[in-house]
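**Student:** Below is a structure I'd like to ask you about.
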Amino acid sequence: MSVRLVHLRKLLALFYAPPNLRTKIIRDDIRSEIRKESGRSGDGGDFYGPFWANAKAHMFGTADLRLLTEERVSSNGGRKRLYQACQDGFLSWWDDKRRWRNEPIQPTPIPAKARLPIASVGGVVKVENVFALDSGSSFHRLIYPYFAEEPHINEEAARLGLWALTASLGTKHDPKDMRILDIQRGASWGAIDVRSTGDEEQIFERRYAFILSEWDRLRMEY
C-alpha cells in the first residue's frame with residue numbers, strides 16, 4: 001500500500017491538493033498498486049528522478065541543463081511542456097542563488113536520506129533525493145526537491161516539510177541548512193522563510209491520517 005510507504009513530496013502534494021486533484025492522485029496510486037500486485041508493468045517510469053540528476057549535474061558544473069533538456073525533449077516530445085517548466089523554474093532559482101556565491105559546489109560526504117516512521121498512523125515517509133552540498137567551511141545546504149505542477153508549496157506545506165526533514169535528518173545535518181525547493185515555481189523555503197509554530201507534527205499526522213482513510217475508502221471501489 002504505497003501511501004503507507006510514501007515519498008515526502010508526494011505526501012505534501014496530497015495534503016494540499018484540491019479535492020478533485022487529490023482524488024485523482026489517490027486513484028492513480030491505487031491503480032498502480034493493483035498493477036504491481038498482478039505482476040504487470042508500471043506506467044512508463046519516473047520522469048522527475050532523471051531530471052533531478054540532470055539538475056544536480058548542472059549545479060556541479062559538469063553539464064548544462066538546457067542542453068540536457070533539449071535531448072530529453074527530442075526523445076520524448078510529449079513531455080516538452082513539463083521538461084520546460086521544470087528547467088525554467090529550476091534555473092530561475094539556481095541562477096539567482098549563484099549570483100551571490102561564486103565558490104565551486106561539491107557534494108557533502110554525509111548521507112542525506114532517511115525514512116521517517118509516523119507511528120500514530122502506521123505510515124513511513126521516505127526522505128530521498130536530497131541534494132547535500134557545500135562550497136567551503138561556511139556554506140552547507142540540503143536541497144529537497146518538490147516537483148509537482150499543482151499544488152504549489154504554501155507556507156504551511158513548507159513548515160510541515162521542514163519539520164519532516166528535521167525529524168528525519170536533523171541528527172546529521174543542521175536544520176538551518178535545509179531547504180525545500182518548489183522547482184516549477186523556482187522558489188525555496190527554509191527556516192529563515194517560515195517560522196515553526198510548534199504544531200507541525202500534529203498537523204502532519206492529522207493530514208496523513210486523512211489521506212490514508214481516503215485511500216482505503218477509494219480502494220474499496222476497485
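The values are calculated or read from the model by the stated rules, or taken from the named source; none is laboratory data. Quick caveat, the model's predicted, so the values are computed rather than measured. Methodologically, a virtual Cβ is constructed for each residue, glycine included, from the backbone with ideal geometry; neighbour enumeration extends over all protein chains shown. Heavy atoms of the whole protein, side chains included, go into the accessibility calculation; ligands, DNA and RNA do not. Shrake-Rupley method; radii C 1.70, N 1.55, O 1.52, S 1.80 Å.
**Student:** Could you list, ordered by first residue, the pairs with Cβ atoms under 6 Å in which the first is in the stretch 23-37 and at negative phi and the second is open to solvent by 60 Å² or more (accessible area, probe 1.4 Å) and assigned to a helix (DSSP H, G or I), at least 6 apart or interchain?
**Tutor:** Every condition considered, the pairs that remain are I30/R219.
**Student:** Just to be sure, is Q184 open to solvent by 10 Å² or more (accessible area, probe 1.4 Å), touching a strand residue (DSSP E or B) at 6+ places or on another chain (Cβ under 9 Å) and not small (G, A, S)?
**Tutor:** Against the criterion (open to solvent by 10 Å² or more (accessible area, probe 1.4 Å), touching a strand residue (DSSP E or B) at 6+ places or on another chain (Cβ under 9 Å) and not small (G, A, S)), Q184 qualifies.
**Student:** Right, here's the next one. Restricting attention to the stretch 176-221, report how many residues are without any contact (Cβ under 8 Å) to a residue 60 or more places away in the chain, touching a helix residue (DSSP H, G or I) at 6+ places or on another chain (Cβ under 9 Å) and of a type in the set (G, A, S).
**Tutor:** 3
**Student:** Considering only the stretch 37-71, state which residues are part of a helix (DSSP H, G or I), at pLDDT below 85 and either open to solvent by 90 Å² or more (accessible area, probe 1.4 Å) or within 30 Å of R4 (Cβ to Cβ) (or both).
**Tutor:** Result: E37, single match.
**Student:** Just the residues that are touching a helix residue (DSSP H, G or I) at 6+ places or on another chain (Cβ under 6 Å) and surrounded by 20 or more Cβ atoms within 10 Å (Cβ to Cβ), please, taken from the stretch 145-165.
**Tutor:** Within the stretch 145-165, P145, Y146, F147, A148, A157, R159, L160, G161, W163, A164 qualify.
**Student:** Cβ-Cβ distance below 7 Å, separation of 6 or more or different chains: which pairs start in the stretch 113-135 with a residue that is more than 19 Å from A13 (Cα to Cα) and charged (D, E, K, R) and end on one that is at pLDDT below 90 and open to solvent by 20 Å² or more (accessible area, probe 1.4 Å)?
**Tutor:** D134/Q106; D134/T108; D134/H140
**Student:** Taking only the stretch 3-26 into account, find how many residues are more than 15 Å from I153 (Cα to Cα) and open to solvent by 60 Å² or more (accessible area, probe 1.4 Å).
**Tutor:** 5
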